[in-house]
Amino acid sequence: MKKSLLISALLIVMVISSHGQDYKTGIGFRGGLTNGLTVKHFLDGRNALEGLLATRWRGFEVTLLYEIHNPAFNVERLNWYYGFGGHVGFWNGDYTYKYWGYEGTSYTVAGIDGVIGIEYNFSAVPINIGLDWKPALNLIGYSGFWGDNGALSIRFIF
């Protein structure tokens, strides 16, 4: 009896203290130096997976991120998050050589990503807006650190 009361009390405390999201899935657009699509799906109240399909230099990149969300500044529906993941990308060197790489060369890259951001979920309409910074480290292909990937995301949430 004592064991079941203790387990019940612990479950109640965990439910009360956990921070839930205002939505389960969000689909929308991400705009910055890379533009594309974003899909975020919550696994539970704090943990989410976000998939990104972005374009840049006439190529594209696919990214999958695992994110942990927390309330921000004691403002209802405002959350900050951080996380990590990986990416695979393909670029045409004819459009990158002014900045990096070589003209006439195509590039395939793969690497790891981090992310830190903040988002707000509107209560009147099913819209979410977020701002984040997603640095990346290419490990395969044209390797190196890429710190210029910040973006504004707008998602329809349900």
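Model label sites at residue 82 and residue 116, defined 7 Å from Cα along the beta-carbon direction, differ in position by 0.6 nm.
With a simple spin-label model that places each label point 7 Å from the Cα along the Cα-to-Cβ direction, the separation between residue 41 and residue 72 comes to 2.5 nm.
In whole percents, the pair-distance distribution calculated for the chain from its alpha-carbon pairs, binned every 10 Å from zero, is 11, 35, 26, 16, 8, 3, 1, 0.
As a length-normalised measure over Cα pairs under 8 Å and 6 or more apart, the relative contact order of the range 106-158 settles at 38 percent.
From the square roots a ≥ b ≥ c of the eigenvalues of the alpha-carbon gyration tensor of the range 81-144, which class results: rounded (a/c under 1.5), prolate (a/b over b/c), or oblate? It comes out prolate by the Cα gyration axes. With a cut-off of 15 Å between beta carbons, the residues surrounding residue 86 carry a summed charge of -3, where Lys and Arg count +1 and Asp and Glu -1. Projecting the Cα atoms of 116, 79, 131 onto the charge dipole of the chain (Cβ charges, centred on the Cα centre) puts 79 farthest toward the positive pole. Applying the criteria of a DSSP loop state and at most 14 other Cβ atoms within 10 Å to the GluC sites (Glu not before Pro) of the range 75-158 yields 76, 103. Shown for the chain: lysine pairs separated by 8 or more places, or found on different chains, whose C-alpha atoms are under 29 Å apart, numbering 4. Once both labels are positioned 7 Å from their Cα atoms along Cα-to-Cβ, the gap between residue 139 and residue 58 label points is 3.1 nm.
No lab work stands behind these numbers, since they all come straight from the coordinates. Everything numeric here is computed off the predicted structure, so don't read it as measured data. Please note: Cβ atoms are built from the backbone with ideal geometry, for glycine as well, and neighbour counts cover all protein chains shown.
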